[in-house]
Each structure stands twice: as structure tokens, then as C-alpha cells.
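The values are calculated or read from the model by the stated rules, or taken from the named source; none is laboratory data. Predicted model, so just to flag it, every value in this text is computed and none were measured. We place every Cβ from the backbone using ideal geometry, glycine too, and count neighbours over all the protein chains shown.
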Amino acid sequence: MDAKDAEDPDALAEFFERALDRIAGGYPRAFAEAADEHALRAENARFAGPSGELTRWMKRMPELPAERRRELGKRANELKQRLQQALSERIEGLQRAAREAELSGPHLDVSLPGRGQPIGRLHPLSQTRNELLRVFSAMGFDVADGPEVELHEYNFDRLGFPPDHPATDMQDTFFVDVAAGDANAGGAGVGAGDDGRASVLLRTHTSTVQIREMLRRKPPLAVVSAGATFRRDDDATHSPMFMQLEGFMVDEGVSFSQLKGVLTAFLRRIFGSDLPVRFRPSYFPFVEPGGEVDMGCTICRSYQGHDGSSCRVCKGSGWIEILGCGMVHPVVFEAVGYDPERYTGFAFGVGVDRITMLRHGISHVGLLYGNDPRFLEQF
Amino acid sequence: MRASHRWLEELVGAELDPGEVAVRLTGAGIEVEDQQSVGEGLEGVVVAEVRGRRPHPAREKLQLVTVFDGAGESEVVCGASNVPEAGGRVLLAQLGAKLPGGFEIAERKLGGVVSRGMICSEVELGIGADEGGIVVLGDDVQAAPGTKVAEALGLYDVIYELGLTPNRPDCLGHVGLARELCALLGHDFRWPALQPVPALLAPGELLPQEQALFSLGLEAQASVQGGAHGFAPVRVEIDEPERCPRYGAALVADVTVAPSPFWIRQRLFALGMRPINNVVDATNLILLGFGHPIHAFDYDRVQGSQIRVRLAAEGECMTTLDGEERRLRGDDLLICDGERPVALAGVMGGENSEIGDETRRVLIECAYFDPRSIRRTAKRLGMHSESSHRFERGVDPGAVPRVLSASAALIASLAGGSVVEQGLDMHPRPQSPRRVQLRSERLERLLGTKIDTPEAKRRLEALGCSVSVEGEGPAQQLAVEVPSHRPDLGLEVDLIEEVARLGGYDAIPTELPSIRPSEAGTSESIRFVERLRDAAAAAGLSEAINYSFLSDRELSDAAAPAASVRLRNPLSEERSVMRTSLLPGLLSNLGRAQRQQVQRFAQFELGRVFVGSVEEAGQRLPAERHELGVLLWGARDAWFAEGEVADFYDAKAVIEAIVRRVAGLPIDTVLDSELEAERALHPRRRARIQVGGAAVGVLGELHPGVVEAFELGGRPIYARIEVPALAAQLSASGPARARELPRFPAATRDLAVVVDEAAAAGEVGAALREAAGELAESVVLFDMYRGDQVPDGKKSLAFHVTYRDAAATLTDKKVDKVHAKVMQAAEKRFGASVRR
């Protein structure tokens, strides 16, 4: 007999009671058998949803006989609460099981490659140069710049290179002709001075920037400059184009011991605080006293107690020549209009290529300018 | 230059430790680059006496020689033709000896006879250049059979390889090096004693009395009269006193030209010179000893008994000792006899007056020539000789009489003969000694450390300076007279270096200075270039650094502007002009990468190009401008995205990323008429890059012609940014301005428009945006579709349009109303059918 057909309140109460029993007996199994939350909620709706069995019966409570209404209403409400509680417990259980399943499932194939992100990088020469400039900038040096194609005057004359002097042999020079104005005019050029001497060249060192900056500014000056330089050399250790870094400081009272202090600090900041550094006399026309700096060989590291006797880089000596330096020559100050009695200064130059090769263990300078992607991607 | 340790010991007059010599010289600026021990490794080679010899039974050219090595006799097969008779002494490599080059002596059968050792030549032992036969010891070697060869011949030595700087000509000889070592080690320096001369000619009529004469000061073992030798008086004329400020000459008669004794040949050989004959060897020994080149003429071939120092006539020719005919210019200095040039002054002698086997009388020249003049000639003719190397650095003009005396004595003692007692010394331009003041206060201030005045004086005196102390206290100074062998010392700072050098730079303390910061700091243009470089790397590109020079052909292959800077003396045609574009370098890199089967290429270069010119200091320099070049080719770097290659839009994204990072500005890519000039790019696949409405570069696929010229595969994409143009946009816009973040939600609607294939998506998007008015926050293309449901010749473009009101939450009603307007506008403007 169907409840909707029950007109009689007593019969209805009977049906109501039976329905409560049926629901109370049915939901635990139905809930337990629901495989997931979706099915569970569907089961719950079958009992307690807007058109669920319990809901439907509860809507008919007013029709119940007054004497049983209270009792049956209480039972119905209790059942509803039990259903609700069972539902939320079961949901929790299901979620817990789902999480457990999620966490105990198969492993990801972590060996598959990562999705490609192109990795850009600066050329190892740029990385090294930046590192060197950073050290000097932190000490208070400004960074300056100068042209690659230079006047003979700035590359040699004002730096105190005597004309027809063997000192220029140390820097075998490329001379150039510069065509007038229009780029399409080609080579018919200017480039020789009145005496027929070639007067425009590819700078052989960045010391040109010394002259340009000293002409442009007044002391105190502390400047570094890095860039391409050119000499007519081409072998395993010489590239016809190479990167040099030049620095100089001019002020009242600048001394050789300060030159030693700055360069020692520079090398140790780059290569490590235990690096041995030694200074010995040498000759460059634009400094006096002039010197060269050797540092402990960072390839064999014999100064850290390693065996360096067969080191090919330092030839077992434990020392590597790394810097040229000296006190700015008075003729240079005179060439830029500074009073050499009042001002003194030091200057130094270092091969960025050489430091790059030492830092990364690069054996052949040609690799630096070959731009092979397989090489560049190593840095 | 090479230097012999033993020779230095002789000159210093003390035993020296080679390791210490190397350290001290290097520490004083005379770099010892290498040192080689001589005489070691010949332990199994001994002096042996020939006891007998007989023909080989089977081989005509071989002999069987019985030798006594001090312990016993053995028979050795020998192929040399100069095996001495019994009693002669030879050098025997005993069984087990190892010769230079690794050859080990063992019993060998030669033509059926067992040879128990080997009789050696100079070349086989690595002790000389004589290949003429085995070494036969002469009377000058006193050594009993069994004596080790190195001991018997005095071979033990250390040869230093020195890297001398051009300011130190005084160290281009052993005497100068010895002087330096004495100063460093605290010994007293003494000039070497002269060789006693076998015979001396009284001058008689042999030299013209009116010319400057001096006594050679030689100690004679015999004396003869001059007249009997029939000399015509030698006469020297100097037409060019500026170029030849001093010229000395001496005469040696009755010489016998022959090979030098072993010790001389060996010494020259060890120092890298080829022994020739006793007279020539003597001149070379003087050169290596005093560092002063001298020249020996066969006096009988000097025409007219006359020497004249003059400039060459333009186009005049002479044949130098090396057999080369030299065409001269009016700037070249010549030594001539009465008729013709006999030497290219200071560079090389002439063939016509060369010392030969028949030479009987020798005219010795010892001069001082102007360094610049010698250098110009040597450099122009490409004749770098031991002589020019020294003259162009500056020999000691004060040493002429001393060197001349030593030369005459050495030649006479080696080749016999008689020296004319007096020498000629023409000195038309005597130089007075240089005097330089050294202020004690300046010394301390420049070095940053105090060196006591007496110590400074001692160091300078050790170098040959005459020094006196003047003044007291802060005004104290040293008055220094510089010796003529140090042309490099002319200023106070030069003396400061000498004082510092002798004490060693390591003795100067280190100090960190306070560096005063400048107001301007590093310029913005330099910092911008570095930011751009970082941004390009951050966008996924690898930086390339190519040579700034390349070939005309590479420029024209890359359709770049013709070069305007041309090297006069390039190393090769491949590197003969300065680049006008970064493209050829990047393309060459790509070509090499493709040949190496590299799959993906994404490089940039940020460097200078040389186009046009500027005036500076009255001269023309090229305009140097920074450019950024980007070249993409090959596989996209994506997961398993096989077959996907980078195209125009990848490059556009890269440029966009770079520009946004450095300037915070968006880019536009547009077509303009000036793109016609970009001949390197595909005419249908290229665009102008604009930032803030200004052109800053170009972007596009490479022209197929360029791809072909560089033998490339695929479709590389190139982008170029002109750095100054981009920097100008940045400085115009200033740093990016912050916008307030929206407080109200946005509403997004999509729409797709079907438009003609030729319509530009950018223009469609811009039109939509315009129609949407202020409420549109963004219009973003998210799909482009051709195919089903889209007619031929059309494409469907789908956009997200995002609406937002900054002041209120938008209602659907309001958004729908605006969006409807947008759709209408699209239909009207493009005749488009709009799909929702």
C-alpha cells in the first residue's frame, strides 16, 4: 500500500513509522556502497533531498494524528540528523580515501626531460669583463669608453711612445684608411698625416681611454675601461682582436704602494684571498716606474700545496703573468695638460681574454671568437 | 736574447747560483723566461784515443777503429773520413750512452762486424753545427782518455733565455748583464781584461795623422814595424754626423782566416749563433759580450783605403751579405769605400767586402748610429738583424774605444796577425753626460715608502751613475750623472724606478687608497648598453662576440653597406675591413653551427659598426655606433616539439621581451617605404620595429639570396636594433610610471571576425579597441583559423575583449551593450561576419 493513498491518519502514522524504519535501515548500506562523493550525494538526496523519501514524509507530518505527531516528528528529526551526520562522516571518509589513493598512486616519470626554456647567456668574455668592472666599480672607479678606430696621437704619441722607437714593436699595429662621409665611397681614403705616416689605426690597447678621459675631465680621476683592441698577431695564444681592461687613478699623492694595494685587492677578489701576487719591474712607455704583476698559477694551484711541476700553463714556475702597470709617466700628464708636479697617478692594463681563459680553463683563444653554440652554452 | 751562465760568472768574477741569478734578474725587470742546462745527458760520452784503424772487410766507406777509453780498448765501426791516426783523440759514445734525441748506443753489426760504440760528430752530440765529420780534439783540449766529454770540453753551462724590454739595450750583451748582476748581488763591476796581442804594428804612415787617433792600449807579445806591410792610410769621412755621431776603426794585418777553436764555436752555438770563421766569430763574440755590434771588412776589398758615411741616393742598390740585392732610399745610411757602398750602416755588411778565406787584412768598424735612422731602414727593408736590434735600441757611444780595442785584440789573438797600435776615433757629435736631479721627498712620495738617501745613492752608483748629495732635510736631493750605457735614464722618475728596481718592488709596502668618487659617475649610455646586453641574454639568446673586421665579400653577401674603414696592412683578405653590420658575423656563426649539426641557433651580438665618419682633431675617424643583432634559426626549444621551427613571430617576441625589459615600452612592427633599403631581408617578410612611434630597427626573415650566399639551410630570422635610437626613446619616456591596480572586476567577452586574408590582425584589433571605447581594457587575439566554415580567401580572427570600469563593478547589461557596438563596428569596418 502506498502512503499517498493513505487517507486515514492512523494508517498514515503506520506507514510513516514503517518508512522511518525502512530509511533508518537502508541508508547505512546505501551510503557505504556509494563509491564516490557524487554517488553518495545522490543517495543522500534519495533520502533527504528536497524530493527525498524522508523529506516527502516529513512534509506530511501535519496529517498525522495529533497524539502521534510529536513522537513521530521527533523520530523523523533524529533520523534526519543521523542521516546528515552519516553523510558528512562518509564524505570525510571518501575524501580521506581519495587523498590516500592520490598519494599512493603511481610515481610520475621524473626522468622525462623538463619542458624547454631557452637559457640565454652572456659571452664568457662579457661575464668576465662584468666581473672585473664590478670589482673596480665597487672600489669607486667610473666606467668609460673609447673608439676602436683611433688616432695615432691617442694610441701612441700622447702616451709617450717616441717616434721610430722599438717600443711600438711590442704592439704591432693595424693601420686603416677611413673613407669620407658616404658609406658607399669605399677605400679611397684619408689616414696619413702630412708626413705620410699612417695616423689612424685600430687601437692596440685601451690606454687610449686614459688620454681621452684625462683630456675631458680634471683630477681626481679613477676610471676603468674595457673593450676590443687589435694587434697583428694570430696564433694559439694571440688573437688579432682581443679584450683589454684598462684602469687608472690620478690625484694628489697617488703612490706606487697604492698601485700595489689596488691591484693586489683586485686579483684576490677575483681569484681568491689566498692568491700570491708579486710585482716586478717592466717597461711601457707611458708609465715610470713600470711593472708587471704575476699571480700564483690558478690552474695547478701550487700555492695551495698541489703539485704544479708539470703544469703547462705556468710551466712549473707557479706564476702567471697577468697585469701590466706603473705610475703614469710625466710626459703623459704634460700631453693632457696636467701638472706632473702636483698630480701623480697609476695605470694598469689586463687581458680580459687571458683572465677568461684562466677562469674557465679554455685552452685556445680561437674558441672565444668562434661563437660555436656548443661552446657558448657551457658558460 | 740568450745568456751564458759561465760567461756571466767569468765577468762577475764570482761563482753564482743559476736559480738565484734567474730570480734576481727577473725581479729587477730582466725577465728570465727559460733556462736550459747544457752538457748534461752526455754522461756516456768520453774522450778516447785512437790506437789503430783498418779498412772494413766488406764495406768500402767504413773503417774499423780501435779506441782506448781509459779503461780498455774496443773496436768501433766508423764512416767518417777524418778519423785521425793512432794517437789522435776522438769522442766515443760508449755502449749504453744516450745521445740527444734519444738515440741509445748498443752493440750493432755493420757489414758483419760488431761495433762496440760510436765515434761522434758535433751535431750528433748537440754541441755544435759542424757536420763535416767526427770531432777530433786539438791541442787546445787537454784531456786524457776516459774523461767525460762535458768536462773535457767545458760544456757545463746554463743558458738563460731573456725577455728584454726595449728600454734596456745595455743588457743586450754579457758585460751589461754582468754589471747589472754586480749591482744586484753587491759585487764590484770590472771591465773585462783585454786579450794579449801576438804582435803589434807601430802605426808609422798607416793612419792619417790629422784624424782623431787613440792608442788601443794593447799589450803586445811582439812588435813589428808597419811600413813593411804596405798599408795605404785609411781615411774616414762622415757626411752625416747627426746620424753617425761616432765612428771608430782599427786595422789588423796578416790574419789567417780559419775555423775558430772549439770553445768559441761551442759558445756561439749555445747562444744561438752559427760559427763561420775566426774573424767573423770574433765580431759575434764581441757583439754578444759587449752588446755592441762591430763590423769586419776585408780591407783589401775596400777601394781607395777610404770609408765614407753618407746617405744613399734614391734608388741606389747594393747587395748585402745574405746575397739579397737591396734597393735603397735617400733615408738609408751607408758605409761606403772610395767607390761604392760596403755596408748598410748598422744593419748588415755588403757582399763586396765580406771576410773570406783569403782575407789577410781586416778593417774593424765600431760606431754609434742614430737609433731612429737604423730602425727606419731595418724596418722598411724587413732586415731585423742582431746588429740593427741593438743599434735601434741605442748602444753605448762611450764604449767605442774600449770595444774597438777588445775587437782588435780578439781578432789578432784568434787569427794571428798584427794590430795597428792606434785606432781611429771620429767623434763629430760628442754627447755631454746627462745630469738629473732626484729629490728625496719626491722619491718617497711617488713610491709611498721611505728609502734612505745614502741607500738610494748606493744603488745608483752600483749602476754606474756618479752621484752627489745636495741640500738637507726636505730639500735634500741627489745630483746624478747618468752613464752613457743607459740611454733610458733621462728624468727624475727614471731614477726613481732604478732605486725601486734594485731594492725589488716586493719591498715596497701595499696600501689601499681612498678613492674620491666623481660627481658624474659612469655615463648613462654605457650603462644602457650593458642593460640591453643583459636583457638580450634574459630573452633566451646566447651572446656572440665576432671580430670587428671581416671581408668585403662577407659584407656584400649579407647585403650590408660597403665598408668605409679599410685596413692598410691586414693579416688576410678575410679580415681586411671594419664591419658595417653585425649580420655577416652572426651568419658565419650560424653556418658553422649548421655544419656541426646544431639544431637550434639563437644568438645576439651587441657591438659596434663602422658607418660614415666624424672629424676629430682635424682628422677623420669612422662613426662607431652600437647595434644589437639577433639571429634565430631552427627548432623551437619546446618539449618534444619536433618539426617546429622558429619564425618571424618568435623573433618578434624576443625583441618585444628585450625592449620591454630595458625600456618598459611595447614595440610595434609595421611596414614602411624605407624598408626597401633593407636588402638583407625578405621583401614580403620583414617589418620596421617602432618604439613610441619612432623607428629603432628592423625585423624579418632573411632574403633567400643572403641565405644562399652563406650556404645556409632553413629560414633564419634577423632583427637589428639601433641602440642610440632605442636609448633616445627611453630617455624621452623616462622610467616606467606606476599605475594603480584595478579595484573592480573585469568582464570578458569573446568574438571572432571573418576577414579577408590580407587584413592585418593588428589593424582589426585596433579597430575593435577603438569601437569599445574607454571601457575596453584590452583586446587580445587568441586564435586565427582558416578552413571549415571559413570561406576561401578569408580567415577567422578570435579576440578576447576585456572590459573594466575603474570606478564601478560592470553590469552584464552594460557590457553586452558595449560589446554589441564592437561587433557592429567590426561588421561595418571589415565587412566581416561576426561569430560569437
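Applying the criterion of at least 2 residues that are touching a residue at least 60 places away in the same chain (Cβ under 8 Å) and within 14 Å of chain B (Cβ to nearest Cβ) to the helices (runs of 4 or more DSSP H) found wholly in region A:38-148 leaves A:124-139.
The set of residues in region B:540-558 being farther than 15 Å from B:Leu590 by Cβ and either modelled with pLDDT under 95 or more than 8 Å from chain A (Cβ to nearest Cβ) (or both) consists of B:Gly540, B:Ser551, B:Asp552, B:Arg553, B:Leu555, B:Ser556. Looking across region B:438-469, the residues that are under 36 Å from the mean Cα position of the chain (by Cα) and more than 26 Å from B:Glu511 (Cβ to Cβ) come down to B:Glu461, B:Ala462, B:Leu463, B:Gly464, B:Cys465. Looking at B:Glu122, B:Glu85, just one residue is touching a Gly at 6+ places or on another chain (Cβ under 7 Å) and under 28 Å from B:Pro259 (Cβ atoms), and that residue is B:Glu122. None of A:Ala222, A:Ala226 is more than 9 Å from chain B (Cβ to nearest Cβ) and in contact (Cβ under 8 Å) with a residue 60 or more places away in the chain except A:Ala226. Across region A:276-330, the qualifying residues are those that are basic (Lys, Arg) and within 9 Å of chain B (Cβ to nearest Cβ), and the one among them that is surrounded by the most Cβ atoms within 10 Å (Cβ to Cβ) is A:Arg280. Annotation: of all residues in region A:261-275 being part of a loop (DSSP other than H, G, I, E, B) and not polar (S, T, N, Q), the one that is surrounded by the most Cβ atoms within 10 Å (Cβ to Cβ) is A:Leu275. Residues in region A:55-89 that are of a type in the set (Lys, Arg) and surrounded by fewer than 13 Cβ atoms within 10 Å (Cβ to Cβ): A:Lys59, A:Arg70, A:Lys74. Condition test on A:Gly316, is it in a strand (DSSP E or B) and either over 30 Å from B:Arg600 (Cα atoms) or in the same structural domain as A:His205 (by TED's automatic domain parsing) (or both)? It is false that A:Gly316 is in a strand (DSSP E or B) and either over 30 Å from B:Arg600 (Cα atoms) or in the same structural domain as A:His205 (by TED's automatic domain parsing) (or both).
Identify, from the list B:Ser432, B:Ser440, the residue that is under 30 Å from B:Gln209 (Cα atoms), away from chain A (no Cβ under 14 Å) and without any contact (Cβ under 8 Å) to a residue 60 or more places away in the chain.
Details: B:Ser440 fails: under 30 Å from B:Gln209 (Cα atoms).
Being under 30 Å from B:Gln209 (Cα atoms), away from chain A (no Cβ under 14 Å) and without any contact (Cβ under 8 Å) to a residue 60 or more places away in the chain holds for just one of B:Ser432, B:Ser440, which is B:Ser432.
Scanning region B:19-55 for residues that are more than 14 Å from every other protein chain (Cβ to nearest Cβ), crowded, with 18+ Cβ neighbours inside 10 Å and either assigned to a strand (DSSP E or B) or of a type outside the set (A, V, I, L, M) (or both) returns B:Val38, B:Gly39, B:Gly44, B:Val45, B:Val46, B:Val47, B:Ala48, B:Glu49, B:Val50, B:Arg53.
Highlighted here are the helices (runs of 4 or more DSSP H) found entirely within region B:383-494 that include at least 3 residues which are closer than 30 Å to B:Glu242 by Cβ: B:386-391, B:400-415. Residue pairs whose Cβ atoms lie under 6 Å apart, separated by 6 or more positions or on different chains, with the first residue in region B:345-373 and on the phi > 0 side of the Ramachandran plot and the second among the aromatic types (Phe, Trp, Tyr) and crowded, with 24+ Cβ neighbours inside 10 Å, are B:Gly346/B:Phe369; B:Gly346/B:Phe391.
Just to verify a result, which residue in region B:559-577, among those that are polar (S, T, N, Q) and touching a Phe, Trp or Tyr at 6+ places or on another chain (Cβ under 7 Å), is farthest from the other protein chains (Cβ to nearest Cβ)?
Going residue by residue through region B:559-577, those that are polar (S, T, N, Q) are B:564, B:569, B:572, B:576.
Okay, now just the ones that are also touching a Phe, Trp or Tyr at 6+ places or on another chain (Cβ under 7 Å), so B:564, B:569, B:576.
Values: B:Ser564: 4, B:Asn569: 6, B:Ser576: 10 Å.
For region B:559-577, the residue satisfying everything is B:Ser576.
In region B:468-526, the residue that is surrounded by the most Cβ atoms within 10 Å (Cβ to Cβ) out of those that are of a type in the set (Gly, Ala, Ser) and away from every other protein chain (no Cβ under 11 Å) is B:Ser484. Of all the residues in region A:335-379, those that are over 30 Å from A:Ser309 (Cα atoms) and within 11 Å of chain B (Cβ to nearest Cβ) number 13. When A:Gln258 is tested against (1) of a type outside the set (A, V, I, L, M, F, W, C); (2) more than 8 Å from chain B (Cβ to nearest Cβ); (3) out of contact with any helix residue (DSSP H, G or I) (no Cβ under 9 Å at 6 or more places or on another chain); (4) part of a helix (DSSP H, G or I), only condition (2) is not met.
From the list B:Gly490, B:Gly471, which one is out of contact with any Leu (no Cβ under 8 Å at 6 or more places or on another chain) and touching a residue at least 24 places away in the same chain (Cβ under 8 Å)?
Numbers: B:Gly471 fails: touching a residue at least 24 places away in the same chain (Cβ under 8 Å).
B:Gly490 is the lone residue from the list that is out of contact with any Leu (no Cβ under 8 Å at 6 or more places or on another chain) and touching a residue at least 24 places away in the same chain (Cβ under 8 Å).
The selection criterion, being in the same structural domain as A:Asn77 (by TED's automatic domain parsing), surrounded by fewer than 13 Cβ atoms within 10 Å (Cβ to Cβ) and within 60 Å of the chain's Cα centre (by Cα), does not hold for A:Glu43.
Is region B:582-605 home to any residue that is crowded, with 17+ Cβ neighbours inside 10 Å and within 17 Å of A:Val200 (Cα to Cα)?
For region B:582-605, residues crowded, with 17+ Cβ neighbours inside 10 Å and within 17 Å of A:Val200 (Cα to Cα): absent.
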